[in-house]
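> If you scroll down you'll find the structure; I have some questions about it.
The values are calculated or read from the model by the stated rules, or taken from the named source; none is laboratory data. It should be emphasised that the depicted structure is a prediction, and the values quoted were computed from it without experimental measurement. Note that each Cβ is placed from the backbone with ideal geometry, even for glycine, and that neighbours are counted across all protein chains shown.
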Amino acid sequence: MSSPAVSSSVSRGIHWSTLARLIRLPNQTGTYLLLLPTMWGLVLASRGIPPPHLLVIFIGGSFLMRSAGVIMNDLADQTFDRQVCRTKTRPLASGELSRSHAVMFLSALLVVAASLLFFLRPIVIWLAPVAVFLAALYPYSKRWIHIPQAMLGIAFGWGTVMAWAAVRGQLDAPVWCLFGATAAWAVAYDTIYAIQDQEDDRRIGVKSAALFFGSAVHQGVGLAFGIMLAFLTAAGWFAQLGFPYYAALLGVAVFFVFQIVQLRRPITPAHAFDMFRKHVWVGVAILAGLLAGVLV
């Protein structure tokens with residue numbers, strides 16, 4: 001028979017494991033996709049390597065806000081998640097974790113994230129509530145609009161706006177180009193991600209860009225890629241970046257063409273997820289191009 005101490009230890013282990021799965025701790029792709037555009041904003045606004053304290057704050061803030069965002073998503077979609085093969089084992093959908101515990105954990109994450117604002121300029125404090133509002137609104141957009149990925153893109157793009165404001169204390173033309181690029185990028189990669197669930201989404205009545213575009217999904221994703229590249233080109237022009245930046249954009253464009261060709265034929269959910277995860281490297285390539293374009 002196990003001792004009370006052992007039983008208590010096992011209980012605590014299960015509890016923290018459940019919370020880790022709730023915030024998708026084993027899979028941080030979403031955190032990287034939120035973080036990288038903020039890094040674009042920091043690098044371009046700083047014209048080089050950003051101040052170390054801003055790097056720490058935005059890395060930590062990206063992790064906290066992405067974690068808070070997925071909890072908001074699971075609270076809103078608990079009923080839907082129970083009907084989707086990929087999501088029915090999530091802690092809230094399966095009943096492993098109560099809504100009250102999820103709300104308490106969400107509140108703790110938001111409090112810690114808010115504490116980071118005290119180390120930033122006042123303008124960032126004014127911008128922060130918009131970020132929380134957008135994160136909370138996104139899960140419900142799947143009930144209202146055919147391309148809810150656009151709302152996700154706006155939410156992720158707002159991090160870029162906050163990063164720029166943290167450096168400059170104002171909002172200039174290049175940051176709105178980065179914002180538009182981030183929003184278009186999220187539409188593209190999250191449409192690819194949504195291919196995993198399109199049959200379940202159709203059955204339960206959830207809207208997604210993958211369903212909206214249907215057999216023309218390659219065209220919809222291609223359009224989003226094109227808009228992203230146009231915004232990034234405009235950002236480089238406004239900021240007078242050097243040729244390495246445009247070389248990076250060219251490499252990204254070639255990768256996009258490759259993905260569009262893949263989307264012209266049916267792909268499996270596993271293939272869609274693999275294509276989605278590769279977008280982290282797109283963000284890294286653009287970040288490297290920005291840094292080189294600034295310093296050249």
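> Pull out all pairs, ordered by first then second residue, where Cβ-Cβ is under 6 Å, the residues are six or more apart or on different chains, the first lies in region 240-252 and is touching a residue at least 24 places away in the same chain (Cβ under 8 Å) and outside any helix (DSSP H, G or I), and the second is surrounded by fewer than 22 Cβ atoms within 10 Å (Cβ to Cβ) and of a type in the set (A, V, I, L, M, F, W, C).
Cβ pairs passing all conditions: Gly242/Val296.
> For region 185-203, how many residues meet the condition of being among the small types (Gly, Ala, Ser) and either more than 16 Å from Leu134 (Cβ to Cβ) or not in a helix (DSSP H, G or I) (or both)?
Number satisfying all stated conditions: 2.
> Here are the criteria: (1) closer than 18 Å to Leu64 by Cβ; (2) under 16 Å from the mean Cα position of the chain (by Cα); (3) of a type outside the set (Gly, Ala, Ser). Tell me which single one Gln149 does not satisfy.
(1)
> Looking at (1) over 25 Å from Val175 (Cα atoms); (2) assigned to a helix (DSSP H, G or I), can you tell me which one Arg265 breaks?
Here Arg265 meets the rest and fails (2).
> Further question on the same structure: Which one is surrounded by the most Cβ atoms within 10 Å (Cβ to Cβ), of the residues in region 155-213 that are among the polar types (S, T, N, Q) and in contact with a Leu (Cβ under 8 Å, 6 or more places away or on another chain)?
Within region 155-213, the match that is surrounded by the most Cβ atoms within 10 Å (Cβ to Cβ) is Thr160.
> Consider only pairs whose beta carbons are under 7 Å apart and that are at least six residues apart or on different chains; among these, list those whose first residue lies in region 83-100 and is closer than 21 Å to Phe273 by Cβ and whose second residue is basic (Lys, Arg) and surrounded by 15 or more Cβ atoms within 10 Å (Cβ to Cβ).
Lys88/Arg82; Pro91/Arg21; Ala93/Arg82
> What are the pairs, 6+ residues apart or on separate chains, where a residue within region 43-57 that is in contact (Cβ under 8 Å) with a residue 24 or more places away in the chain has its Cβ under 7 Å from a residue that is exposed (fewer than 13 other Cβ atoms within 10 Å of the Cβ) and not hydroxyl-bearing (Ser, Thr, Tyr)?
Qualifying pairs under 7 Å: His53/Phe119; Ile57/Phe119.
> If we keep just the residues of region 222-274 that are polar (S, T, N, Q) and within 24 Å of the chain's Cα centre (by Cα), which is surrounded by the fewest Cβ atoms within 10 Å (Cβ to Cβ)?
Checked region 222-274; the qualifying residue surrounded by the fewest Cβ atoms within 10 Å (Cβ to Cβ) is Thr268.
> Take the residues in region 123-154 that are farther than 25 Å from Ser107 by Cβ and either among the small types (Gly, Ala, Ser) or touching a His at 6+ places or on another chain (Cβ under 8 Å) (or both); name whichever of them is surrounded by the most Cβ atoms within 10 Å (Cβ to Cβ).
If we take residues in region 123-154 being farther than 25 Å from Ser107 by Cβ and either among the small types (Gly, Ala, Ser) or touching a His at 6+ places or on another chain (Cβ under 8 Å) (or both), then Gly153 is surrounded by the most Cβ atoms within 10 Å (Cβ to Cβ).
> Just to be sure I understand, how many residues within region 73-94 are within 19 Å of Ser141 (Cβ to Cβ) and of a type in the set (Lys, Arg)?
Counting residues in region 73-94 that are within 19 Å of Ser141 (Cβ to Cβ) and of a type in the set (Lys, Arg) gives 0.
> On to the next question. What's the total number of residues in region 191-217 that are in contact with a Phe, Trp or Tyr (Cβ under 8 Å, 6 or more places away or on another chain) and more than 18 Å from Val261 (Cβ to Cβ)?
Result for region 191-217: 5.
> Answer yes if at least one residue in region 203-212 is modelled with pLDDT under 95 and among the basic types (Lys, Arg), and no otherwise.
There is at least one residue in region 203-212 that is modelled with pLDDT under 95 and among the basic types (Lys, Arg).
> Give me a count of the residues in region 161-208 that are more than 30 Å from Val84 (Cα to Cα) and acidic (Asp, Glu).
Result for region 161-208: 1.
> Within 25 Å of Trp281 (Cα to Cα), among the basic types (Lys, Arg), in contact with a Ser or Thr (Cβ under 8 Å, 6 or more places away or on another chain) and part of a helix (DSSP H, G or I): does that describe Arg66?
Yes: the conditions hold for Arg66.
> State yes or no: is Val217 farther than 19 Å from Cys85 by Cβ, without any contact (Cβ under 8 Å) to a residue 60 or more places away in the chain, crowded, with 21+ Cβ neighbours inside 10 Å and not polar (S, T, N, Q)?
The answer is yes for Val217.
> Since Val206 meets every condition but one in (1) closer than 22 Å to Thr29 by Cβ; (2) assigned to a helix (DSSP H, G or I); (3) touching a residue at least 24 places away in the same chain (Cβ under 8 Å), which condition does it not meet?
Evaluating Val206 over (1) closer than 22 Å to Thr29 by Cβ; (2) assigned to a helix (DSSP H, G or I); (3) touching a residue at least 24 places away in the same chain (Cβ under 8 Å) leaves (2) as the failure.
> So Gly220 passes all but one of these: (1) within 30 Å of Val124 (Cα to Cα); (2) in a helix (DSSP H, G or I). Which condition number does it fail?
(1)
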